[in-house]
Structures are given as C-alpha cells and as structure tokens.
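Participant: Submitted below is the structure of interest, expressed as structure tokens.
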C-alpha cells in the first residue's frame, strides 16, 4: 500500500494543457481525465458498488462531514476503512468537510483555529479544525484525502478572499503536519476566488508544500461560467505536470470539457444523482425532464445510443411512470443513466486526446448538447 | 400463450393438505408452494428485475388500483403488457383493486353495482365495478388476474359478512362474464369471514363457476391468528385439487408454514419490503431491527447462513448506518434480505414436502423463530 501516482501519457497535439494520464492507486490504475460519482454517506444514493462499476466508475467520493456525524469515523475505521465499510473495491476520495461546514456556518464562526457551526441533524454545536478534518480522514482511510479549506462565498470582497486564501494556506500546512496515514494521499486546495494574482499565490504556495495532488476549490458557487473557467486557468498554469489536478464539485457535461481544456484530470459532482431524483437526465442533445407529458407513451430508451443498464432495459414511459409516481426506482434508473453519461463522456474525451482530436470532439459535443434535438 | 396450469407433484406423506406442485405459466414453470413479492406500481420498491430473480422470485404482484391511476392501463397495454412494461420476464399477477378500494371507501359507498371512492392521489371521485376491474386487468395483461371482491372489515356482523360474501359471488360471475384475454388466467376469491358455513358456501359456489385458481380473501385484516388459520381450513377443504390456491396478503414466516399446512400454494405480502424500509429484518431467530445500537459496530452479516446479496456483501453495521442516516440503499439491502428469506423458506418447505418431513421442518423453524437467539 502506498500513495497514489500520476503518470502523463500524452497531451493533445499542440496543447500541453489537455492531458491523457493515469492515476495509480491502491485500488487499481485508472485513466484520466475521469469523473467521480459522489457517495455522500458511504454510498452513492440508490446505487450499489456493482452498478457503479457497470457505469465504468473508478474513484468514488464520500463526505467527511457526513461520515463524521454518521456513523462516525471510528465505526468506519473499525470496519477496515471506507472501502471495506461500503464494500467498494475501487479507489475512494474524501473531501475535507469544509464545503459542508461553510454552508452551515456564519462568517463570524470562522477563526484562525477552525470553524464553529451547528450539526444539520440535531443542531448540536460542533467545531472543525484542519487537524480534526485530517484526523477523521486518516481514520476513514480513503485513498485520497483533502486539506481543510475555506470555500468562500461568491461574490466576496477581494480583501475577504485574500485573507481567506492565506488562512487556507496556513490550514493546509497544519493539516499536512498532523497527517498520519502511509496508505493515504493528501491533496492541497487552491483558492483565491476570481482574482488571477490570488489564484497564482495560492497555487504556488500550495505546491511548495508538496502535496500528492492539487484541487481547485471555490468554483461552482454561483459565479458566471466564464469566471469559473478563468479560475481554473489561473491555477493550473502553476501546478506541476507530474501530479493530478482535481476540479471540485463540477459536473455539467460542458464544464467537464472546459475543465479538461484547462488541464483538469479529475471531477466530481452530485449533479447526476441529484438531477435524477427530480426526473432530469442528460442526453447528447441537452438535458430533458422525463416527467414531460410527451414521454407518457414513449416506449423508446432515453437514448438509443446509450449503453447504460437503464437504456438497455427500460423505456422513457416506464421511467416517467416511476418518477411521477414517486417510486425510488425512477431516481435509481436515472442516476445510472446520468452517471454513465458523464463517465462515457470522459471515456470519449480520453479517446479524443489519444487521437489528437480533443478540440474537434469538444466542438461537436457542445454543438449537439446546446442545440437540442 | 395459454392459461396457467397446476400440477400436483406429491403430498407430504400422511397429509393430503400439504402439497408440492408446479405452476405452469406463459413465463415459466415454478414449483409451489411459493411466495410472491409485491410490486405495487409495476416495480418492487427499490429493486430491479434481476435482483428479484437473484432472490429466486417467480410470480411478482402488481396492484390494479394503483396502475389504473398511474400510469393508466392503456399505457401498460400499449407497452405490450405488464411484463414488457416493467421488463420482468417471470409471471405477473394483478389483484382486483378491491383491497385498496375498500380501505378508501365508506361502507355506504358500496352498492350492488360497484364501489364509489375517492382517489388517494387527488381526491377525485372514482367508481370501480367488477366489469371495470376485469377490463383493466385484461389490458394490464398480467399472467393471473383476480376477481373483484369485497374484503370485509374485521370484525363485521355475520349478517354483513353473509350479504357481502353473496355479493362477491355475484361480482365474480359478472367479472367472469366480461373477461376477455385468452393469455390471462382468472382466479375466484373465497370470502365469508370467520364463519365456517359462509366460507363453505363461498368456496363451493366460487368453484362452481370454474376459475383457473382460487384465492382466500378477507384474512390478515386484524383477526387473531387462530381465526385466520381457521378461515383457511374452512375454505381449502372445498377447493379442487387440480387448481392452485392463493392466500392473499399473508407473509409472516410462521403464517406461511401454517398456510402450507392447510393446503395453500401461493402467498403474497408487502411485509418484506415494508418492514425493510423501517429497518426490520427477518432472521431464523426472529425479527430484528437493524437500528438497534448493538449493531453499530457489528461487522458480521445479518445472518451468516443467508445466501442473499446483502448478507454476502455487507455488514449489519453498514446496513444500520444506511438505515439510520435515511439512505434508500438501506431499505434496498433489507428488502433483498427479507424477500430472499421468505423465498428461501419456501424452497426449504418444498424440499421438506419432497422428503415427507414437512412437519419436522415446520416445528423446528417455528421453535427457532419464536425462541430468538
């Protein structure tokens, strides 16, 4: 058992940002760029490990904050770590808890020491520090742990972002100092909001601490798309080529392409499963809502060309029936489709990079996706 | 495509009530006695067809009332029938809608013509008749349809039960007269409450109409267990030996044994899936609730001896975590276990009858189940 490694296989011809690589983990080797489904509470909602595998999943995410509260990191640790607990034999990644905490905390609750906030379950007062986040993650024993960071709201003043980003650097250092799990890798997180110089400072100083990989945080918090894409570019240019780069919380099909264009290797998002529970699904011709009356007697799959379990076995009319009747299996079938959709997109992106045709692929995909049927 | 057939293989030695047989359907031949999971809205909650098959399922039930309201019998019919709609290649059975209707209707809403009641979804006034129930079921195209009956409440006066039972006989005749699906079988339903002579009259007159099989209704509505067991015995003695007998809505492990003792071939119940959603599961040593604190760090399966997917892959601690955190996968894993539990019990019952050891098996099972760990 050892730390993860990243190996660059090749760039798309003429653009060293766009990279095909591989992530070597204790639970297998996987080609990048890749998309990671989110299993908040040590399970991807409504899906079992075999179904994730059938979707082509590699890394699966879980949330440190949620597992800290339920069932507690000690239970997971005694089970033999997150993989064994959830019976998933692919790699796992835990976030730091920061993102969940900041959505529950008031700004006045944030101090140099850590963050004070109330449990979303019982309102109990809790205090999370960089050291505590790492201690929990060490016990969860995921393949990849994240540094505790502040995900600042958008918009914030430049002064707020600057102070917050520098505190995140100090928190990263404190977390790294107490990190104690030889089988687990630790990623640093680049912050700095929409400010190019702050992203640069954050990237350079985070890289100086020598993490096993680097994340880009503070995106997908309400900023315009172009702002988000810039945030990525500002950061990736200072990240080392021999480490993986992970854009946190981004999963829109077009954003995956824009992220890859800017040097991202890993993505995660709750979007495919959250959309599914509300009847929304991705198609190559844009997002549709299966509840639409026009699908009531549509006895064709969501997408004829899709190779997912849902499309191979069920019709739009059936999935629509399940969703409109409030049956959990409706969300389950759409979760499978949506996760497979994003993972298949990543497979095609990798093939396109291999063939030096990434930009052709990107243009065609975006055209079809934006222009609908 | 044709009607179902029942063939008796053998009785348990010395007791011609206890029977091993086979049910020959358009979707395969299955040994009886058997347990049928309930897929209310054309799906067993949280489970997919492959999972039901892996549990050893044969016939799967759906509810006519629910499918009438959503998605409507015409949608199912246009999909090619219930099997194709839900992509289940085993046999399907639909109830008549009577049971759901009577839980929504007031006694004053019941007339010779049919039953007036309000939709549980939008309060819209609806009217269901024996002819309408059969028409809907003909369109749903299940392998087995049920006659429209009144499931009288318990307790009711003898006079009420007598009138209700005789009306149910007239309804059965009306339904049979309009029945029009050569690939579908139709069962009659014996009513008569806890009164031996009324059950006898109901059984004899229902059998005179010559149905493809016979159900026993009006059980599991609050009566004591011994009363229920008597209701079965009163009826089965007048049922023909060359037709299957189905005890509706009964699924407690011990009740299955008592039903088989009295000549029952088929059972259905929502119990395994409903219990599962609340964290309850069957074990050979009685029912347990997985939420119990003592399972928090119990890293063993629900039952070491169980061959279900849940027990082969997950621990009590993990399932408990999912259930207590409100994750749907918890109910899913327990549904698999509970359904497999009842189906495996039926497999063992069949083996015991084959070996002429049904009563030894029954006594041992009940002893273990009642005496706990």
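Participant: Is it true that some residue in segment A:243-251 is closer than 24 Å to residue A:371 by Cβ and not assigned by TED's automatic domain parsing to the domain that holds residue A:361? Walk me through how you get there before you give the answer.
Facilitator: Let us first name the residues in segment A:243-251 that are closer than 24 Å to residue A:371 by Cβ, namely A:250-251.
Filter again for not assigned by TED's automatic domain parsing to the domain that holds residue A:361, leaving A:250-251.
Checked segment A:243-251: at least one residue is closer than 24 Å to residue A:371 by Cβ and not assigned by TED's automatic domain parsing to the domain that holds residue A:361.
Participant: Away from every other protein chain (no Cβ under 14 Å), assigned to a strand (DSSP E or B) and modelled with pLDDT of 95 or more: which single residue out of B:356, B:268 fits that description?
Facilitator: So the residue among B:356, B:268 that is away from every other protein chain (no Cβ under 14 Å), assigned to a strand (DSSP E or B) and modelled with pLDDT of 95 or more is B:268.
Participant: Being surrounded by 22 or more Cβ atoms within 10 Å (Cβ to Cβ) and assigned to a helix (DSSP H, G or I) is the filter here, so list the residues in segment B:276-285 that pass it.
Facilitator: B:276
Participant: Taking only segment B:41-65 into account, find how many residues are over 16 Å from the mean Cα position of the chain (by Cα) and not in a loop (DSSP other than H, G, I, E, B).
Facilitator: Total satisfying the criteria: 5.
Participant: Quick one: is residue B:323 within 27 Å of the chain's Cα centre (by Cα), in contact (Cβ under 8 Å) with a residue 40 or more places away in the chain and farther than 22 Å from residue B:19 by Cα?
Facilitator: yes
Participant: Being under 25 Å from residue A:67 (Cα atoms), crowded, with 24+ Cβ neighbours inside 10 Å and touching a strand residue (DSSP E or B) at 6+ places or on another chain (Cβ under 7 Å), is that true of even one residue in segment A:193-210?
Facilitator: Checked segment A:193-210: no residue is under 25 Å from residue A:67 (Cα atoms), crowded, with 24+ Cβ neighbours inside 10 Å and touching a strand residue (DSSP E or B) at 6+ places or on another chain (Cβ under 7 Å).
Participant: Would you kindly identify the helices (runs of 4 or more DSSP H) lying entirely within segment B:69-153 that contain at least 3 residues that are out of contact with any strand residue (DSSP E or B) (no Cβ under 8 Å at 6 or more places or on another chain), within 14 Å of chain A (Cβ to nearest Cβ) and surrounded by fewer than 20 Cβ atoms within 10 Å (Cβ to Cβ)?
Facilitator: Where helices (runs of 4 or more DSSP H) fall fully within segment B:69-153 and carry at least 3 residues being out of contact with any strand residue (DSSP E or B) (no Cβ under 8 Å at 6 or more places or on another chain), within 14 Å of chain A (Cβ to nearest Cβ) and surrounded by fewer than 20 Cβ atoms within 10 Å (Cβ to Cβ), they are B:73-78.
Participant: What residue, among those in segment A:92-104 that are farther than 17 Å from residue A:269 by Cβ and touching a helix residue (DSSP H, G or I) at 6+ places or on another chain (Cβ under 8 Å), is modelled with the highest pLDDT?
Facilitator: The extreme case among them is A:97.
Participant: Sticking with this structure for a sec: Considering segment B:221-252 alone, what residues qualify as being under 18 Å from the mean Cα position of the chain (by Cα) and under 18 Å from residue B:158 (Cα atoms)?
Facilitator: B:221, B:222, B:223, B:228, B:231, B:232, B:235
Participant: Consider segment B:289-320. How many of its residues are touching a strand residue (DSSP E or B) at 6+ places or on another chain (Cβ under 7 Å) and either touching a residue at least 24 places away in the same chain (Cβ under 8 Å) or within 25 Å of residue B:49 (Cα to Cα) (or both)?
Facilitator: Summing the residues that are touching a strand residue (DSSP E or B) at 6+ places or on another chain (Cβ under 7 Å) and either touching a residue at least 24 places away in the same chain (Cβ under 8 Å) or within 25 Å of residue B:49 (Cα to Cα) (or both) in segment B:289-320 gives 3.
Participant: Ok, one more. Just for segment A:322-339: of the residues that are farther than 9 Å from residue A:46 by Cβ and facing chain B (nearest Cβ under 7 Å), which one is surrounded by the most Cβ atoms within 10 Å (Cβ to Cβ)?
Facilitator: By that ranking, first place goes to A:322.
Participant: I would also like to ask the following. Consider segment B:17-40. How many of its residues are without any contact (Cβ under 8 Å) to a residue 60 or more places away in the chain and either surrounded by fewer than 23 Cβ atoms within 10 Å (Cβ to Cβ) or assigned to a strand (DSSP E or B) (or both)?
Facilitator: 3
Participant: Of the numbered conditions (1) more than 16 Å from the chain's Cα centre (by Cα); (2) buried (at least 20 other Cβ atoms within 10 Å of the Cβ); (3) more than 19 Å from residue B:163 (Cα to Cα), residue B:266 satisfies every one except a single condition; which is it?
Facilitator: (1)
Participant: Here is a further query. Step by step: first the residues of segment B:226-245, then only those that are touching a helix residue (DSSP H, G or I) at 6+ places or on another chain (Cβ under 7 Å) and outside any helix (DSSP H, G or I), then the one that is surrounded by the fewest Cβ atoms within 10 Å (Cβ to Cβ). Which residue is that?
Facilitator: B:240
Participant: Being surrounded by fewer than 16 Cβ atoms within 10 Å (Cβ to Cβ) and within 12 Å of residue B:132 (Cα to Cα) is the filter here, so list the residues in segment B:160-176 that pass it.
Facilitator: Result: no residue meets the conditions.
Participant: Related question: Quick one: count up the residues across segment A:22-68 that are more than 14 Å from chain B (Cβ to nearest Cβ) and in contact with a helix residue (DSSP H, G or I) (Cβ under 6 Å, 6 or more places away or on another chain).
Facilitator: The number of residues fulfilling the criteria is 7.
Participant: Would you mention how many residues in segment A:172-225 are free of Cβ contacts under 8 Å to residues at least 24 places away in the same chain and assigned to a loop (DSSP other than H, G, I, E, B)?
Facilitator: The total comes to 2.
Participant: Would you call residue B:77 more than 25 Å from residue B:331 (Cβ to Cβ) and in contact (Cβ under 8 Å) with a residue 12 or more places away in the chain?
Facilitator: Here the answer is yes, as residue B:77 does meet what is asked.
Participant: Among what's in segment B:286-321 and is surrounded by fewer than 15 Cβ atoms within 10 Å (Cβ to Cβ) and in a loop (DSSP other than H, G, I, E, B), pick the residue that is farthest from the other protein chains (Cβ to nearest Cβ).
Facilitator: B:305
Participant: I would also like to ask the following. Got at least one residue in segment A:131-144 being more than 30 Å from residue A:49 (Cα to Cα) and more than 22 Å from the chain's Cα centre (by Cα)?
Facilitator: yes
The values are calculated or read from the model by the stated rules, or taken from the named source; none is laboratory data. Just so you know, these numbers come straight off a predicted model, no measurement behind them. Positions of Cβ are backbone-derived with ideal geometry, glycine not excepted, and every protein chain shown enters the neighbour counts.
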